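One structure is given here, and the rest of the page talks about it.
Each reported figure results from applying straightforward, stated rules to the coordinates on display, with no laboratory input. All values derive from a computational prediction rather than experimental measurement. Cβ placement follows ideal geometry from the backbone for every residue including glycine, while neighbour counts extend to all protein chains displayed.
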Amino acid sequence: MDGEPTIRPLGRPGDLGWVVKAHGEVYAAEFGWNVEFEALVARIVADYAAGHDPEREAAWIAELGGRPVGCVFVVARDADTAQLRILLVDPAGRGHDLGRRLVAECLAFARRAGYRRMMLWTNHPLAAARHIYLEAGFGLVSEEPHHSFGVDLIGQVYELNLPAAPAARAGAPR
């Protein structure tokens, strides 16, 4: 695909369906995961579409040549904790730093929304994503083996504390 990669807010017709379809296809091809995973992604997307709070939750689509090649969601886990969900960069979009850029969008949004921390749940074979999370400052807080999506996996929870934005100094230019 030609063109500069871009990241935009999710919201165009077809975005939600693309997120579900892309996850199903990519994870089946690369990791052998079955439709249980696609169903999980469909539930996450449906919950978001049914009533997210735009002040506290957001999602983005990465595009290359005007076509979607990546996505990520931020949802409220609780009053202080944002959860990064369903990060994906399609093979057609890899090599453009989109994974890092999508995670950076999530972190910036979470800080602006006033969250004190961000967490995520992932699985051990997702090495490229794990590298991005560790590079962004997330730390592994727990692991647990499970059988899901037709395979044996080790689920992993990562967290990152989000320091509060610095308060404006009295008399400082704004």
Here the gain from full extension of Asp78 to Leu40, 0.36 nm per residue of separation minus their alpha-carbon distance, amounts to 11.7 nm
Karplus-derived 3J(HN,Hα), 6.51/-1.76/1.60, for each residue of segment 85-101, Hz, glycine and proline x
9, 6, 5, 8, 10, 4, x, 5, x, 6, x, 10, 6, 5, x, 5, 5
Going by average Cβ neighbours within 10 Å, how do the peptides 107-113, 58-64 rank, with the highest at the top?
58-64, 107-113
Taking H as built 1.01 Å from N, whose amide H comes closer than 5 Å to the amide H of Leu10, not counting residues under 5 places away?
Ala59, Trp60, Ile61
Please work out which option in (1) 15.9; (2) 15.2; (3) 16.9 gives Kirkwood radius over Cα pairs in Å calculated from these coordinates, and answer with its label.
(3)
From the helices alone, meaning DSSP H stretches of at least four residues, give me the mean residue ellipticity at 222 nm for the chain, per-run term -39500 (n - 2.57), in deg cm²/dmol to the nearest 500.
-11000 deg cm²/dmol
Relative contact order of the chain (C-alpha contacts under 8 Å, at least 6 apart) in percent is 20 percent
Within segment 80-110, what residues put their amide N at less than 18 Å from the label point 7 Å along the Cα-to-Cβ vector of Glu25?
87-95
Using each residue's phi in segment 121-132, evaluate 6.51 cos²θ - 1.76 cosθ + 1.60 at θ = phi - 60° and report the 3J(HN,Hα) Karplus result to the nearest Hz, with x for Gly and Pro.
10, 9, 10, 4, x, 8, 5, 5, 5, 4, 4, 5
In whole Hz and in residue order, list the ³J(HN,Hα) couplings for segment 64-80 that follow from phi through the Karplus curve 6.51 cos²θ - 1.76 cosθ + 1.60, θ = phi - 60°; x for Gly and Pro.
9, x, x, 10, x, 9, x, 7, 6, 10, 10, 10, 6, 8, 7, 4, 9
